[in-house]
Amino acid sequence: MKVVCAYLLASLGGNSSPSAADLKKILSSVGIEPDEDRLELFMSQVAGKSIEDVIASGRQKLASVPSGGGGVAVSSAPSAGGGAAAEPAKEEKKVEEKEESDDEMGFSLFDD
């Protein structure tokens with residue numbers, strides 16, 4: 001992911017075809033030493049492609065990834081034929097625990 005971000009930064013900076021050396025320079029400027037194997041793999045996958053092509057390809061791949069939230073909450077309703085009346089929902093009262101204050105610890109972040 002770091003390599004991808006460096007590639008995007010280089011592209012946004014005006015370099016239409018960043019090299020592996022360009023990406024290493026960007027990453028090393030923030031103290032990151034890239035994994036050579038991953039860098040070579042990434043560069044082989046984006047070779048000859050414009051940034052627009054790379055982004056479009058990524059969007060297509062992300063569209064096929066499930067994003068969770070597949071479950072649907074279903075509530076049961078009483079049948080239309082009568083029967084027992086629905087009981088009102090019981091509300092449970094939550095007891096909030098009192099949080100410990102900083103006074104009990106003997107110091108405060110804002111003491112002089």
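The values are calculated or read from the model by the stated rules, or taken from the named source; none is laboratory data. Treat the numbers as computed from the prediction; the structure is a model and nothing was measured. Cβ sites come from the backbone with ideal geometry, for glycine too, and all protein chains shown count toward neighbours. For the accessible areas, the whole protein counts, side chains as well, though only heavy atoms, and no ligand, DNA or RNA atoms are used. Shrake-Rupley method; radii C 1.70, N 1.55, O 1.52, S 1.80 Å.
Descriptive notes on the structure:
- Within the range 37-49, the residues that satisfy the criterion of being open to solvent by 70 Å² or more (accessible area, probe 1.4 Å) and under 13 Å from residue 3 (Cβ atoms) are 37, 38, 40, 41, 44, 45.
- Under the condition of being part of a loop (DSSP other than H, G, I, E, B) and β-branched (Val, Ile, Thr), the residues counted in the range 17-46 number 2.
- Sub-9 Å Cβ pairs linking a first residue in the range 13-31 that is touching a residue at least 24 places away in the same chain (Cβ under 8 Å) to a second residue that is among the polar types (S, T, N, Q), at least 6 apart or interchain, are 16/50, ordered by first then second residue.
- Scan of the range 1-16 for residues that are under 14 Å from residue 47 (Cβ atoms) and outside any helix (DSSP H, G or I), ordered by number: 16
- Residue satisfying condition, being among the polar types (S, T, N, Q) and under 23 Å from the mean Cα position of the chain (by Cα), within set 19, 44, 11: 11
- Condition met for residue 52 (in contact (Cβ under 8 Å) with a residue 12 or more places away in the chain, of a type in the set (Asp, Glu) and open to solvent by 40 Å² or more (accessible area, probe 1.4 Å)): no
- The combined condition, being at pLDDT 85 or above, in contact with a Ser or Thr (Cβ under 8 Å, 6 or more places away or on another chain) and not small (Gly, Ala, Ser), is not fulfilled by residue 55.
- Within the set 19, 28, the sole residue that is surrounded by fewer than 12 Cβ atoms within 10 Å (Cβ to Cβ) and more than 12 Å from residue 4 (Cβ to Cβ) turns out to be 19.
- Of the residues screened, residue 54 is not one that is assigned to a loop (DSSP other than H, G, I, E, B) and within 22 Å of the chain's Cα centre (by Cα).
- Test: residue in the range 67-81 that is under 21 Å from residue 4 (Cα atoms) and either modelled with pLDDT of 85 or more or open to solvent by less than 90 Å² (accessible area, probe 1.4 Å) (or both): no
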